[in-house]
Amino acid sequence: LLEYGGEVRATAGPALSVTPSGAPVGVTPSLTLGGETELWRSVVIDGRLLGPLRAELTLVDGTLLRPRGLKVTTQEQGALRTVIKLTGNYAAGDRAPLGLEVLLQVDRGQPQVVVEHRFIALGPSPAAIRSLHLELETPAGPVRAAELAGEAGSYRLVQDGSDPYGNPSAASWRALADGRASQGERAGGWVRQGEICLAVDDFWQQWPIGLAAGNGRLTAELWPADARQGPFVANVGMAKSHRLVIGLGEPATKPNRLRFDRDLLLQPGVLEPMAGGEETAAYDALVAKAYDRLLAEFAGYGMENWGDLWQGGYVRGAKTWSNQEWDLTNSWLASYARTGLPHYLEFADAAARHFAEVDCVHAGDAGELGGARTHCHTAAAGHQLEGPNMPHSGWIEGLLLHYGLTGEDRSLRAALGIADWTLRMAAPRDELTPGGPAYPLAQSRGAGWPLTTLMLAYRWTGRPDYLRAARRIVDYQRRCQLPERGVWEAEVPHEHPWRGGCVFAFTNFRGLRLYRELSGDELADRDRLRAARWLVGELWRPPDRFMYEQCPTYDAGTDVGFLMWEALAEATRLSGDPLYLMLARDAYERRVALPDRMVADMVRSQWSNGTLQQAPRMLAAAQSLPERPAAITLEPPAEEVPLGDGGTVSFRLSNA
């Protein structure tokens, strides 16, 4: 039995009516749930009756799948909002290749229902989807559409696009209304019949997608049967959702969100310290430019791609989907928290939804279940071409923050799924394989990211198994760290037989900071200070470059010093030595003085964990100091003495 606010009534069969109590009279959506294949049997909004909402999915072989075995639970209930969850499968006969989740959200005082439709590819083989439609029965009436003037009796619009990334102007739609054709670029994503309006969130960005109306029905074609791309191939383990808003009056393509006061979010103890205000005005202007450039040049478009980025790959001349490497969601949520600008939250929402669904493993191989797929390292372009691995297991901070700001349960489940996969990989063993544990310090992030993930999950849940696994990783790190130098030494993957550290040590700094705060282990401060001395003494190349890895190839340093800003600020806080923060602050000001370069840093998806997150954290540390450190003055370099070629040495061995 579902219960909400004391107003519950049973209806015939398995149906149930849920009415949020306390809603203003005249604006009270009432959902009647039931029916084996219906998502709802009826909805009454402000006295207007809407008929059943049905879903149909057709495979490429012609098999028609409908919802089956739906179970109803209450995901959330309160004075302002009720969220009902339906779970089941898309099935026909003994075939059920796709799971189904539907969220029905009713907000107090809002004449609408938010419908979140999500399918999960269960396997055992990929599902080739020819069409996926949601159909709502409405009272018959004239059709009104966003892009067409006047009214018509029947209407169909299909949104398409030609480039899957970085060119939003390539989107185009075509429509037919009572035999009259129209076309354009970006459709508004809604259609209205009489007073009833159906809208799809982020409509044109998720092409191919369509809307249709006529004969008392409104239809969202989430994958049109006549899509130019042919069938949509859902690889085993992936998921995909669409969000619809069904209501009265003017179209609302976005669900209602809580509004947060920026000053509240920046208060100590709410989020991690981040700078804002007048001191970051120049920086914020660059962030705004970076956002516009990201959507125009790097963002992914299309049903599977929206929310991801198209980045430089690992094969010359090839690119690949980032699969949210370096926590894109958190980068833009940090920008939202600091500025309060809602479009940052909207893009972070799209990023979180993509990552939690397309890039995480929801079914299939038990060894990969729950993990996040890393981006492809070859010239192929796909989201599910590689499985999870430990050096790429750390991007849950954005998912957790997204859940905290929006209440979207999928983000929390995905974050903890990644943490649980990491936990299984870091399980204690009686003996190690020849390669050592699953978190070797190759590139210094094989242990840093898993440690960060486990500590973020522990902070959120308090589960002791996360902390125990984190302690095992910290113990491993300490065995790898050389006390005299401070380096977490490992074999350099790209240049054998050199050994040393890597710029990705910043992940170890971050994981150890969280570990110190949550475990109370004071030795973690010693570990970080040792590493900070190594960082400046061995990796730093003045004025603001760091060796990518400690080997001859990278001796001149690489242009990724912004990855170290938070670590350097923490080193000043721990030691009281202003040098570390001075280096970071000086490098930051050099970047701000070169705005085109800094904007480029922000939109490079592979480094989104750098500038967009580390600059506000570093500046917050600078603001906390009693006085600002002086600028750095570098002495001119000493004269370099070239080394000539070595001579030949002859020797003879003999037994005396």
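Here, each number is a calculation from the coordinates, and none is a lab measurement. Everything numeric in this text was worked out from a predicted model, so none of it was measured. Backbone-built Cβ (ideal geometry, glycine too); neighbour counts: all protein chains shown.
Considering only 467, 394, 567, and ranking their Cα positions along the charge dipole of the chain that arises from unit charges at the beta-carbon of Lys, Arg, Asp and Glu, the one farthest toward the positive end is 467. The distance between label points at residue 75 and residue 523 comes to 4.3 nm (points 7 Å beyond Cα on the Cα→Cβ vector). Our summary gives the chain a relative contact order of 9 percent, counting only alpha carbon pairs under 8 angstrom and 6 or more residues apart. Rounded to the nearest 10 degrees, the angle from helix 328-339 to the longest Cα principal axis of the chain is 80 degrees. If only the Cβ of Lys and Arg carry +1 and only the Cβ of Asp and Glu carry -1, the dipole of the stretch 270-330 around its Cα centre is close to 380 debye.
Dividing the radius of gyration of the alpha carbons in the stretch 409-513 by their Kirkwood radius gives 1.00 for Rg/Rh. With distances taken between every two different alpha-carbon atoms, the chain has a Kirkwood hydrodynamic radius of 27.0 Å. Dipole orientation for the chain: of the candidates 403, 282, 92, 92 has the Cα lying most toward the positive pole (charges on Cβ; Lys, Arg +1; Asp, Glu -1). Just so you know, the Rg over Rh for the stretch 337-461 is 1.00, from Cα atoms, with Rh as the Kirkwood radius. Cα centroid separation, the stretch 176-205 to the stretch 315-342: 30 Å.
Note on residue 594 and residue 285: with the Förster distance fixed at 22 Å, the Cβ-Cβ geometry gives a FRET efficiency of about 0.95. Helical content alone sets the calculated 222 nm signal of the chain at -8500 deg cm²/dmol, taking -39,500 (n - 2.57) per DSSP H segment of four or more residues and averaging over every residue.
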